[in-house]
Amino acid sequence: MLNFNGTMNLYKNDKIRELAKTDDGMRFLKLCSLSRKEYLDYLIHKFELKVGRLKVVEKLQYIYESAIRLEDIDDVIQELFEKERKIRRDNEQQLINELYKIESFDWGGLHQNSLETTIVNRYVKQITSYESLQNEIEGNLHNSLRAYVVASWYNHWSSIIIEDIFKEHVSVIPAIGQIKKIDFFVNNKPFDLKVTYLPEGYIKDHRRSRDLRPELTLMKGLARALDVGFDTSVPDSILIPDLWRKLDDNPQHSAQELISELQEYREALLDDCIVNPEPLVRWLYENQGTRRFDASNRLFLVLVDKSDFFSSWKLKRARHLISENVNNYLTGVNQGPGFELNFYWEGEPYSTDADIIFVVKQ
């Protein structure tokens, strides 16, 4: 049996995958998902444990070393989740209605997870005139912050709706407290849920591997030939959909032919990913940002609107469509969900368990 200190050390060193392979490790991880004071107190009261005045980590150790069965811990997690879920369930339809009011998704040019750095570098360190600073704050920064907050709000609440879809399934035990890199357990395997889209970077790398010119290069060249205007100062993430839509609206045969060719390539690539998802999953692990890197078990939910790849963000609020695909996956998943994946990051080898669900709007 792993003692409490042993499991805690493994957990602190991000050995979550290793912990999940043992009964003791699983016991520890599920208790960690209850590690908020009110959750532990609920469990202690329910089983009439005599613990005295202990700190949270001491309560965690006491329960870990107690005779409470893992099944009892699961039951408590489900009870507490259902109490919280009932409140959200009563308000969910109204929340979805609110999410459908969002007509555009734009971070406003402010980098997610480095907001302060972006503001300092772009405004504090670049502008020397107080009047210019005031004008920038009232104009560009105000609009950028507004867009950033709206995008963050949309991401937050749509993510909660999606997580609840998973957590309500009979094969899933939720993680309801603060536990790093675990959103839920599928058939007793921990997973961190990542909602994403078919990455533009993956499409670009896939074309490069086949000696095909980048989509952006092709569209910029044709746009110039057809005298279609575009702003070269905006980032590629904005310019690609901008040019795509302008050329798609252009009646010239060359424009229609190029967009049709690019669309067919994307659809064929998507079909390949659905049949053989491992290269995409490996790419997603190997192209993490430095600040957010980890090798935890991940379950990717990939949302794709085939009629408009750049509007796939709208599917995060399509609860019925997501629910159908997620429940089909969870109902059909085996006792050991996912597959083992070996990948490299900054030259170092890693192993993890991962899986992927595609939600495709035709």
Given the condition in contact with a Phe, Trp or Tyr (Cβ under 6 Å, 6 or more places away or on another chain) and either among the small types (Gly, Ala, Ser) or at pLDDT below 95 (or both), answer yes or no: does some residue in the range 308-327 qualify? yes
Which condition number does residue 136 fail, the rest of (1) crowded, with 17+ Cβ neighbours inside 10 Å; (2) in a helix (DSSP H, G or I); (3) under 26 Å from the mean Cα position of the chain (by Cα) being met? (3)
Is it the case that some residue within the range 327-339 is under 26 Å from residue 288 (Cα atoms) and assigned to a strand (DSSP E or B)? yes
Could you figure out which of (1) at negative phi; (2) out of contact with any strand residue (DSSP E or B) (no Cβ under 9 Å at 6 or more places or on another chain); (3) surrounded by fewer than 16 Cβ atoms within 10 Å (Cβ to Cβ); (4) modelled with pLDDT of 95 or more isn't true of residue 227? (1)
Looking at the range 38-56, is at least one residue over 26 Å from residue 160 (Cα atoms), in contact (Cβ under 8 Å) with a residue 40 or more places away in the chain and in a helix (DSSP H, G or I)? no
Tell me yes or no: at least one residue of the range 287-298 is in contact (Cβ under 8 Å) with a residue 40 or more places away in the chain and within 19 Å of residue 161 (Cα to Cα). yes
Taking the range 61-108 and keeping residues of a type in the set (A, V, I, L, M, F, W, C), touching a residue at least 40 places away in the same chain (Cβ under 8 Å) and farther than 30 Å from residue 313 by Cβ leaves 70, 73, 76, 77, 80
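For the range 114-133, enumerate the residues that are outside any helix (DSSP H, G or I) and surrounded by fewer than 14 Cβ atoms within 10 Å (Cβ to Cβ).
Filtering the range 114-133 down to residues outside any helix (DSSP H, G or I) leaves 114, 125-129.
Result: 114, 125, 126, 128, 129.
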Residues of the range 222-243 being touching a Phe, Trp or Tyr at 6+ places or on another chain (Cβ under 7 Å) and within 17 Å of residue 200 (Cβ to Cβ), in sequence order, are 239, 241, 242, 243
Considering only the range 87-101, I want to know if a residue exists there that is buried (at least 16 other Cβ atoms within 10 Å of the Cβ), under 29 Å from the mean Cα position of the chain (by Cα) and farther than 30 Å from residue 144 by Cβ. yes
Exactly one of these conditions fails for residue 147: (1) of a type in the set (A, V, I, L, M, F, W, C); (2) modelled with pLDDT under 95; (3) not in a helix (DSSP H, G or I). Give me its number. (3)
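Just need a number here: residues in the range 148-206 that are hydrophobic (A, V, I, L, M, F, W, C) and closer than 30 Å to residue 217 by Cα.
Within the range 148-206, the first condition is being hydrophobic (A, V, I, L, M, F, W, C), and the residues that meet it are 149-151, 153, 157, 160-162, 165-166, 170, 172-173, 175-176, 179, 182, 184-186, 191, 193, 195, 198, 203.
Checking the rest, the ones that are also closer than 30 Å to residue 217 by Cα come to 151, 195, 198, 203.
Residues meeting the conditions: 4.
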Please determine whether any residue of the range 152-170 is surrounded by 13 or more Cβ atoms within 10 Å (Cβ to Cβ), in a loop (DSSP other than H, G, I, E, B) and either in contact (Cβ under 8 Å) with a residue 24 or more places away in the chain or among the hydrophobic types (A, V, I, L, M, F, W, C) (or both). yes
For the structure I just gave you, tell me whether residue 301 is touching a residue at least 12 places away in the same chain (Cβ under 8 Å), outside any helix (DSSP H, G or I) and within 13 Å of residue 354 (Cα to Cα). yes
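Search the range 142-151 for residues being in contact (Cβ under 8 Å) with a residue 12 or more places away in the chain and surrounded by fewer than 19 Cβ atoms within 10 Å (Cβ to Cβ), and hand back the single one that is farthest from residue 83 (Cα to Cα). Don't jump to the end; show me each part of the working.
Of the residues in the range 142-151, the ones in contact (Cβ under 8 Å) with a residue 12 or more places away in the chain are 143-148, 150-151.
Imposing the further condition that a residue be surrounded by fewer than 19 Cβ atoms within 10 Å (Cβ to Cβ) reduces the set to 143, 145-147, 150.
Values: 143: 39, 145: 35, 146: 34, 147: 33, 150: 28 Å.
Restricting to residues being in contact (Cβ under 8 Å) with a residue 12 or more places away in the chain and surrounded by fewer than 19 Cβ atoms within 10 Å (Cβ to Cβ), the top hit is 143.
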Please work out if residue 188 is under 13 Å from residue 29 (Cβ atoms), out of contact with any Pro (no Cβ under 8 Å at 6 or more places or on another chain) and polar (S, T, N, Q). yes
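The values are calculated or read from the model by the stated rules, or taken from the named source; none is laboratory data. Predicted model, so just to flag it, every value in this text is computed and none were measured. No Cβ is skipped: glycine too gets one built from the backbone with ideal geometry, and neighbour counts run over all protein chains shown.
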